[in-house]
Each structure stands twice: as structure tokens, then as C-alpha cells.
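Colleague: Take this structure, written in C-alpha cells, and hold onto it; I'll ask about it next.
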There are 2 protein chains.
Amino acid sequence: MSTATVESRPYHHGDLSRALIEAARKILETDGPAALSLRAVAREAGVSPAAPYHHFKDKAELLDAVAHEGWHELDAALSKARGENNAARDQMTNLGVAYVCFARDNPALYRVMYDCSRDRDALPDQLKDDGAYCQVRDTIGENSGGRATEIDLELATIAAWCAGHGLAEMISFKQFAPLKDLLGGEEAFLRAVFEHLGMFAKVIDQDPA
Amino acid sequence: MSTATVESRPYHHGDLSRALIEAARKILETDGPAALSLRAVAREAGVSPAAPYHHFKDKAELLDAVAHEGWHELDAALSKARGENNAARDQMTNLGVAYVCFARDNPALYRVMYDCSRDRDALPDQLKDDGAYCQVRDTIGENSGGRATEIDLELATIAAWCAGHGLAEMISFKQFAPLKDLLGGEEAFLRAVFEHLGMFAKVIDQDPA
DNA sequence: CGCCAATCTGAACGCCGTCAAGATAATCTT
DNA sequence: AAGATTATCTTGACGGCGTTCAGATTGGCG
């Protein structure tokens, strides 16, 4: 109930673009990024290797579409984390933890997202207009006691984003395993790291706990 | 004076392993990671496509060797930055800036370094014994007023490393260009971001400037 | 119904990583 | 010094990849 369009290959297939994207995501989850070839995607969707070229000019363009979905889902994950609101620094830590957990739970998708960004030397513009990036900025803004300039806000957001991404890329590294155990699990480890960043100290009200 | 062993192909070539590594690095610098195929490396070194298999069991093993050199050079870059010593927070910022500048100046090499790490879900162990990683830890340790537990030190190092890596991967993103101009250049931008991390607040003496 | 444009297939190109068989040269043994 | 052993390199092949192109098929529109 999942592989290809087994049921009597329709004439023109209906919606190949969507089917290709879903096939790509399935391969990503199942076999990882290394197994994600255009030919494999076409195979999984039940079409010939050349068929995708009528919907995407490139392999890269297909991956872009997959990445686009990924950014949307990351956005949703951060929204959810922001819904459960705590105060100031905790709220930022929660956001960071949610970000890294998304990357940990969708490693292949996360990799595709950033591979696409690297290839164009930029994060997708959508992020800055109403996406995950501005959720971080808004959260920082809401918690800065009004004493944050526009530039400080931007810099703090960049700092937060970079820290989150760096941790996201390393969270599964085996060297951290002993520390995770020591601190009582992966999420506790994440919180501890984020707190050691002394994150956004310049912008967010500090409670000297 | 650089391409292959043009001078009368010697019988057995002498030191192919080294030649292959250098060929790989040259291709990386010249044409980027996408052009780095084993066959291209062999071509550049002036040998047949199968020759490398007598020195590396895999393409991955060749890349490992290249990455190994990269980590060594990063180590050297951080050492140099640590030599020009300033006080506490500045010293840490300098280390971070040096790290990101290394990545910016050797983008393809840096990518190979982390690609190898990702494939094995771990940073090279050498880093923790006497490499770049422990330079960061030592610097933090030296500047913590003695009130840093072993665990705090480790967490602060991880936090610093992740932040550096995240920034290193994004430093060339076009969205940051306006901010760089506004702050008077890329290095000023880097310093500003690092300072907004409020980095290592838990561990390093804070001067309330 | 007939035509056009969109969609899909089949076969091909050049590239890739890798391997097995054979040639060649350095090294070791005596 | 000569022969045997081993390390090194080449040739040729395999399957898989991204991509293209000519031709078949089909849906939509007049």
C-alpha cells in the first residue's frame, strides 16, 4: 500500500510532481541521502528515468521542492514549541531544543535542506519573510526588554540560528554519548548546551538564577 | 610545475598516496567538491583509474586522508590565533573568528572534513586528544575563574564548537551581506555575532563592559 | 472528430566507483 | 648475480548515475 502506483499504471499518472516528491522523501527516510538518485525516485514512483524531466528541470530542482517542504515542517515544529510558552530564556532554549530535535528526527531531510542552501550560498528567502527564521527573531524581540536595536536583534537571531544548526549537525555524534547519559538523556544534554551558550545575553533580560 | 608527474612517468611513481592526496586537494581548490571524483584525482595524478585502490581501499578512505590534513591545518590556525593573546572573552572571540575564517578560506576542504565526520557520526578522535577541539577547551579552562566543573567545561566547549561550525557553514550566505557592510566588513560581522552569543557566560569571567 | 501540447517511454551518451586479470618493476632470498 | 616474491600499475569490464533526444501515447480544446 505504499510502493509506486501498482494499480494498473494510469495513462498519464495524474500528479507526478507530487508523487516524485513523496517518493524522494520515502527513499530519504528509508535508505538515507546516499540512496537518493533521480533514477531511484522514478523507479519508486513507477515511471521511467526520463519522466521526472517533464516536471523538474534538474535533480537539484526536485531536491529544492523536497527541501521546501522540509522548511515548512520545521516552521511548524517551531510554532508548536513557541505555543507552549515559558518565560524569556526558557522560551529561547525551548525553541533551540525544538530545532535540534527536528533535525535529529528527520536527519536525511535536514541534510537535503542545507545541501540545497549551500549550493546557492543562501537560506531560502521565504525564511526571512514569514518562516522559521523570523520566529526566532520574534521570540528574541518579544523577550528583549525593548533595549534591542534592530541590528542587535538581527545579530542575536543569526547567532541563535548558527548555534542551533551547529548543534543539529553534531547531536548524533558518538562522542557526546557519555555526556548525554551523565545528564540524563539527550534533551537534558541539549538544554545544558544551549544554556552554556549564555545565549542572547546582550538582548534578553537576564534572570541571575 | 604542478600538474601530474609529467616528467617521463617513472616506473612505479614513488609516492602515489601523497600525490593522490595533493591531486585531490588541488581539484578541491580549483573546481570544488562536486568535481572531486576518484577518476579525476587519478587523472590529475597521471595514473589509471584503478591505481588508487592500491593505496586506499575506497574513495572514502582517500577523502579521510584529505580531511585528516584539514584538521591538522585547522589546529595550526587556532594555535596561531591563540598565540596573539588577549584577555578572556576577547581570546575566545579571536578563536571563533579564526575558526570561521579557516572555513571561509578553505570552503571545499572544510566541507570534506565535515562530510567525513557526518558519515561516521563523529568528529575524528584525534581532535579530543590533542587537536583543535581541546585548544578550545583549554582556552575556556584558562579563562574560567576556577569555578568551572569538568562537565561545565565540556559543555561550554561543545557549545562553542557548535556555534563556530554553524557560523562557518553560513558565513558566505548572501543574506548576511548587508549586515557585513553595515558593520564594516566580514570580520567585524563575525566578532559581532560571536559577542551576541554571550558565549560561555556560565564559565568565563564576565567583564560588565 | 481532429489537432496540439503535454506527458511518458526507450535507447543512448559520457561519467562515475569498483573489481578482476594481467603486465611491470622493486625487493628479498639464496 | 639470479630467481622468486611481492607491491604496484594498466587494461578492460560491470552496473549505476544524470541527462538528452526521438518517438509513442494521451488529455484537452476547437
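Colleague: Compute a Gaussian network model of chain B, connecting alpha carbons closer than 10 Å, and tell me which residue from B:Ala34, B:Ala103, B:Ala24 fluctuates the most.
Modeller: B:Ala34
Colleague: Now, a different point. Helix-only mean residue ellipticity at 222 nm, chain A, DSSP H runs n ≥ 4 weighted -39,500 (n - 2.57), per residue, nearest 500. What is it?
Modeller: Value at 222 nm, helices only, nearest 500: -21000 deg cm²/dmol.
Colleague: Please list the radius of gyration and Dmax for region B:119-181, considering alpha-carbon atoms only, with Å as the unit.
Modeller: Final numbers for Rg and Dmax: 14.9, 41 Å.
Colleague: Quick one: angle between helix B:16-31 and the longest Cα principal axis of chain B, in degrees between 0 and 90, rounded to 10, please.
Modeller: So the inclination is approximately 60 degrees.
Colleague: Okay, next question. With the crude spin-label approximation of a point 7 Å out along Cα→Cβ, what separation in nm comes out for B:Arg147 versus B:Lys80?
Modeller: Between B:Arg147 and B:Lys80, the simple spin-label model gives 3.7 nm.
Colleague: Put the label 7 Å from Cα along Cα→Cβ for A:Gly14; what are its distances to the other copies, in nanometres, shortest first?
Modeller: Listed shortest first, these distances are 6.6 nm.
Colleague: Helix A:132-143: angle to the longest alpha-carbon principal axis of chain A, degrees 0 to 90, nearest 10?
Modeller: 20
Colleague: Would you mind getting me the FRET efficiency between A:Asp15 and B:Arg120? Use the beta-carbon distance for r and R0 = 41 Å, nearest 0.05.
Modeller: 0.55
Colleague: In addition: Taking a label point 7 Å out from Cα toward Cβ, give me the nm distances from A:Pro33 to the same spot in the other copies, shortest first, one decimal.
Modeller: Those label-point separations list as 0.7 nm.
Colleague: Can I ask one more? For B:Asp129 and A:Phe173, what does the FRET efficiency come to when R0 = 22 Å and r is the distance between their Cβ atoms, rounded to the nearest 0.05?
Modeller: Between B:Asp129 and A:Phe173 the formula returns 0.90.
Colleague: Ok, one more. Mind scanning A:Lys59/B:Lys26; A:Lys26/A:Lys59; A:Lys80/A:Lys174; B:Lys26/B:Lys59; A:Lys128/B:Lys180 and naming the pairs with a C-alpha gap bigger than 19 Å?
Modeller: A:Lys59/B:Lys26; A:Lys80/A:Lys174
Colleague: Once the Cα atoms of the protein assembly as shown are picked out, what are the Rg and Dmax in Å?
Modeller: 23.3, 74
Colleague: Separate question: Expressed as a fraction of 2.2 N^0.38 Å, the rule-of-thumb size for a compact globular protein of N residues, what is the C-alpha radius of gyration of chain A?
Modeller: Ratio of Rg to 2.2 N^0.38 Å for chain A: 1.20.
Colleague: Still on this model: Using only Cα atoms, figure out Rg for region A:96-143 and give it as a multiple of 2.2 N^0.38 Å.
Modeller: Working it through for region A:96-143, the quotient is 1.26.
Colleague: Evaluate 2.2 N^0.38 Å with N set to the residue count of region A:28-151, then give the Cα radius of gyration divided by it.
Modeller: After normalising by residue count via 2.2 N^0.38 Å, the value is 1.29.
Colleague: Sticking with this one: In degrees between 0 and 90, to the nearest 10, how far off the longest principal axis of chain A does helix A:59-83 point, with axes built from Cα atoms?
Modeller: Result, in degrees: 40.
Every number in this text was worked out from the coordinates using simple rules, so none of it is lab data. Bear in mind that the values here come from a model prediction, so they are computed numbers and not experimental data. So basically every Cβ, Gly included, is an ideal-geometry build from the backbone, and we count neighbours across all protein chains shown.
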